[in-house]
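Novice: Below is a structure I'd like to ask you about.
The values are calculated or read from the model by the stated rules, or taken from the named source; none is laboratory data. On a predicted model such as this, the values are computed, not experimentally measured, just so you know. Positions of Cβ are backbone-derived with ideal geometry, glycine not excepted, and every protein chain shown enters the neighbour counts. Heavy atoms of the whole protein, side chains included, go into the accessibility calculation; ligands, DNA and RNA do not. Shrake-Rupley method; radii C 1.70, N 1.55, O 1.52, S 1.80 Å.
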Amino acid sequence: MSQTAANDNGAAALSAAETAFRQSLAGPMVANATVSALRAAGRAAFEATGLPGIRDEAWKYTNLRALARRAFAHGGPVPVPDDAAVESAAIGGLAGPRLVFVNGHYVAELSDLPTVSGLDIASLASLIQDPEAELPENLCRLADPGQHPFSALNQGLLEHGVLLRTHTGTVISDPVYLLFLSVPGAEPQTCHPRVFIDSAVDSSLSVLEHYVSLGSSQNLTNVVTELQLDRGSRLRHYRVQDEATTAFHVGGVFARVGRDARLESHNLHFGAALARLDLEVALNQPGAEVEMNGLYCLGGRQHVDNHTRVDHFAPHTRSTEDYRGVLNDRSRGVFNGKAIVHEDAQKIEAHQSNSNLLLSEQAEVDTKPELEIYADDVKCSHGATVGQLDQTALFYLRSRGIDAEAARALLTFAFAEAVVGRVELEPVRRRLETAVAGALPDRSLIENLIGADA
Amino acid sequence: MATHTPEVEDFIGKKYKHGFVTEIDADTVAPGLDEDVIRFISSKKGEPSFLLEWRLQAYRHWLTMTEPKWAHVHHQPIDYQAISYYSAPKSKKDGPKSLDEVDPKLLETYEKLGIPLHERAILAGVAVDAVFDSVSVATTFKAKLAEAGVIFCSFSEAVRDHPDLIEQYLGTVVPYSDNFFAALNSAVFTDGSFVFVPKGVRCPMELSTYFRINAANTGQFERTLIVAEESSHVSYLEGCTAPMRDENQLHAAVVELVALDDAEIKYSTVQNWYPGDENGIGGIYNFVTKRGDCRGHRSKISWTQVETGSAITWKYPSCVLRGDHSVGEFYSVAVANNYQQADTGTKMIHIGRGTRSTIVSKGISAGKAQNSYRGLVKILPSADGARNYTQCDSLLMGDRCGAHTFPYIEAKNPTAHVEHEATTSKIGEDQLFYCLQRGLSEEDAVNMIVNGFCKDVFRELPMEFAVEAQNLLSVSLEGAVG
Amino acid sequence: MLSINNLQASVGGKQILNGLDLEVEAGQVHAIMGPNGSGKSTLANVLAGREGYEVTGGSVVYRDQDLLELAPEERAREGVFLAFQYPVEIPGVNNAYLLKAALNAQRKHRGEPELDAFEFLALVKDRMKLMGMDESFLNRGVNEGFSGGEKKRNEILQMAVLEPRLAVLDETDSGLDIDALRIVAGGVNSLRSADRAIVLVTHYQRLLDYIEPDFVHVLSGGRIVKTGDKDLALELESRGYDWTREAASA
């Protein structure tokens, strides 16, 4: 029965995708031949699988019925929000370039692009119209459309997005801020932006992807990010998903990490009715390293599904992961973390942890930390916990005069802060702390504390 | 690390100790499966009509199912029509009445296996219900058990003598529709064990069954049912060996446990079925469904298993914690060597309030083996205050083996507390060196460390089994580290 | 200030306190001594209102209020402070957050203005000097990764900042080396005042070498079986606890 449902889902989404194609084809033709080929491959891959159903192990706990039922318009007119709305949604106080996308489209008027030495920034939409434009060799190659239907869909509709490339040996101190605004239109919109970041040899860069809605958007954002880290490079990748709780968000982050390179991935979810993120990291060369931090802080009937996968392909590679969930009301958190140590990938370390706080009777969490190990000289561990707040700690705080509700809020905040505190960009951290506090009952206490920088 | 030392060669060349074939005429039905075969089995065993009906329902359901593919194992497709579904020793169609009637060759087989059947059984204080292929041939200690009111007999006898109990409990824990192999078993099972411990009785001795697969190309489909009434207690031991055969043999058993209020069932298994040779040829396919139902309040079911045999093991002894404050436990050591594949673990389903479960799984992989832990801890909304603790460790010996962990946790109650921890590492070089420096041989050092690694599980085993398990392990892992 | 009458309490269904009486006035220091399992920690936890400690009889009156009616945080705001025998580690909540929140919760309760970050820091740093503590500790998680001695010192620091009316110190001396003991005792002594009462719960007389009590009580079988002055503690040290039980039953 579920099989049939899955197929139905696939068919519905497929027809929506078809519609989208026709619409996009009605627009200007793509001048760049590489892009045409990529699109065709993406489209073929999506048509081969359709939307996944809950019979697919990777989608066991996330049913796409609600999404497949809806019709999304693709490529409609782009509403231009006013400056005030943009500024209130944006995280202020960040130095460095800011690129603003509205429903996936790059909007130059809202963006701020100072010249940054050692960094190339290009809008994908303009490149694809240039027959001569050279696209990154690995564009659409780090995300496997055969494995990820949504990535295939994104690739089939490849048009908008951004390419970032650092120059060899440059340290770029100011972060690049990619602000993706989801703006409701006459009907729900869908967009499929793609981000490609090429960290050159020995370079260092921080990038923030920030997804936020203006108003109660019911749009579907389906974004794919590809990260290529060359030898000795360092990339801090922050991803903050704070869309409206009526929105749909699907994302994929696919990274390839080279020799002695280090990726820091911060992935924080506060928004969306239904969100799914696949984070896949390939540690391809000795010395490659990844640190993965994640937080999902949910309420209402939100459903957020994080799937992470680390492939240790080379010896002397290292991965650490700390994902935490705070689940209120009737929300549901799904975590699936997989670490795979391939043959001959000796002397590696892989540590993974997923902790969850269930704060309400109807909240639910499904977690599955997995290890697949085909080498022997390894140090691997994983752990998962589900529970409520530590009762002893709660009593301790109360015995110091803090009321029960505030003590609970404080402990919950501290639980999330373990992840949030690792965000090095001060304004982003503040924004996240406020977001965490906002989800808690005694907000004033926490805000007071955040302000009290003792 | 990639090159094998002489010890590793030794180890890999280790022959299966229990590989010998007993020459006995067997009354074997031609390979193949249809409703007639099921009717044949049922009539051969003189079963009541409800059981035949149940078998046929199971068979019809099985026809609609497909073999599961999700386990982390690989094998050639099984031809279910090439298997013979009934094999009984020919000379004693009606079953022996006492040990004297048993074919001496059979007894000799048991001797070789070291089963304490005769006086040794008495000395060891163990009652043995030995299953030779499909028919139970000897049961000891019946009188003493009967005195206590405990029923311990072959499944066939139970069908004959206690049909009401069979009808009441059969399939209530593992319905025939549960999974592909359970459906197959329900259709064609030939024998097994039955235990019934009445209210308030503490079973006066450990109960033990040794299973053994003998005839070539016969599948073995045991069915075990243990019922512990209110406030009763029973400890059940199951040992499994099979002779060396070149072709894979299917073993699809079903074990059902029922514990009523305040009852406790302890179920221990040592499985060293033929694992296949060093090239991965032959060996048992061990696809088993084991489940315990903590039906009563404060009941407890504890599974302990030491799995060293079989080419492929697919087995998840589980507990349904239905009664309030009931307790489920799973302690497992799984060793996979050469081309063995093990996909084993447990499911703990928390339904009742204050239910607790503990999972301790130790996996050891060597050679080119793949060893997976797969578990599910499910906390339903009704399970207020439920607790689970899972510890899942893997030890790797050799750089061509694999160790995998797939734990599923589904929590729907905020007062529950679930904790899962897992580690994977190779045998500690510093520990090994420390032992060598103190003058131990490498083999002894490895034994010591591995036994230490498994200690938490071994101490759950009844004494007789603990010793056997340790010996089994040291034989299996001689020279596995170079 | 504190009047305990015929207090009975149980933990996990087991009766621990069996009719305990105790009167404590402002300005006094009381030492409660007794062998393991006599109910010392139970008394401390009952006074602070810990869950799982069930009062089955008797009364506790604190400053004309029924103490047992109050939630743990209300007791704290009324000036009851418990220094824990095993201070809990709370990763992620830093010491400064906790202290400031606790202090301001009390001040608010008393109708006093809350301290701003600047005033608060000044106060805490002053108290930390008293306890010989490094300022870096303020930004660490509550008791996170602290040694046993650091945890106990942190308890007394909290006491020094919160300035309770009634302080109950549960085995504060356990696990301390002699230097740490001196510092902790010095902290407690500096907090002795005419309007503050201190109850020391301890197994050993050692702490009383540094904090001189006005009264020493021997707790046994969930009741106070003997009361005396500081010399009683010395006698206990040399003779052990058994004779007090005999004396009580005689």
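Novice: Cα gyration tensor of the stretch C:55-173, axes a ≥ b ≥ c as square roots of the eigenvalues: rounded (a/c below 1.5), prolate (a/b > b/c) or oblate?
Specialist: oblate
Novice: Got a number for carbon plus sulfur as a percent of the stretch A:3-285's accessible area, 1.4 Å probe?
Specialist: Whole-percent figure for carbon plus sulfur exposure: 50.
Novice: Given the DSSP H assignment, sum -39500 (n - 2.57) over each helix run of at least 4 residues in the protein assembly as shown and divide by its residue total; what's the result at 222 nm in deg cm²/dmol, nearest 500?
Specialist: -8000 deg cm²/dmol
Novice: Would you tell me the accessible area of B:Tyr176, worked out with a 1.4 angstrom probe on the heavy atoms of the protein chains, in Å² to the nearest 10?
Specialist: Result for B:Tyr176: roughly 50 Å² accessible.
Novice: What whole-number distance in Å separates the alpha-carbon centres of the stretch C:1-72 and the stretch A:289-341?
Specialist: The distance from the Cα centre of the stretch C:1-72 to that of the stretch A:289-341 comes to 47 Å.
Novice: Next question. Using each residue's phi in the stretch A:174-183, evaluate 6.51 cos²θ - 1.76 cosθ + 1.60 at θ = phi - 60° and report the 3J(HN,Hα) Karplus result to the nearest Hz, with x for Gly and Pro.
Specialist: Running phi through 6.51 cos²θ - 1.76 cosθ + 1.60 with θ = phi - 60° gives 7, x, 8, 9, 9, 9, 9, 9, 9, 10 Hz.
Novice: Please state the shape class of the stretch C:114-250: rounded when a/c is under 1.5, otherwise prolate if a/b exceeds b/c and oblate if not, all from the C-alpha gyration tensor.
Specialist: prolate
Novice: Dividing the Cα convex hull volume of chain A by residue count, how many Å³ per residue is that?
Specialist: Each residue corresponds to 148 Å³ of Cα convex hull volume.
Novice: What is the set of long-range amide H partners of B:Leu376 at a cut-off below 5 Å, with H atoms built 1.01 Å from backbone N?
Specialist: B:Thr346, B:Lys347, B:Met348, B:Tyr408
Novice: Once phi is turned into θ = phi - 60°, what whole-Hz ³J(HN,Hα) does the Karplus curve with 6.51, -1.76 and 1.60 give for every residue of the stretch A:260-265, x standing for Gly and Pro?
Specialist: Each residue's phi maps through the Karplus curve to give 6, 8, 9, 10, 10, 10 Hz.
Novice: I've got another one for you. For the protein assembly as shown, what log10 I(q)/I(0) values come out of the Debye formula at q = 0.06 1/Å, with one point per alpha carbon and no solvent?
Specialist: Listed by q, the Debye log ratios stand at -0.63.
Novice: What are the extents of the Cα atoms of the stretch A:268-404 along their three principal axes, listed from largest to smallest and rounded to whole Å?
Specialist: The principal-axis extents, from largest down, are 54, 36, 18 Å.
Novice: What ranking do B:378-390, A:80-92 get when scored by the average of other Cβ atoms within 10 Å per residue, highest first?
Specialist: Going from most to least packed, we get B:378-390, A:80-92.
Novice: Could you tell me which of rounded, prolate or oblate describes the stretch C:2-249, using a ≥ b ≥ c as the square roots of the eigenvalues of the alpha-carbon gyration tensor, with rounded for a/c under 1.5 and, failing that, prolate when a/b is larger than b/c and oblate otherwise?
Specialist: The shape class here is prolate.
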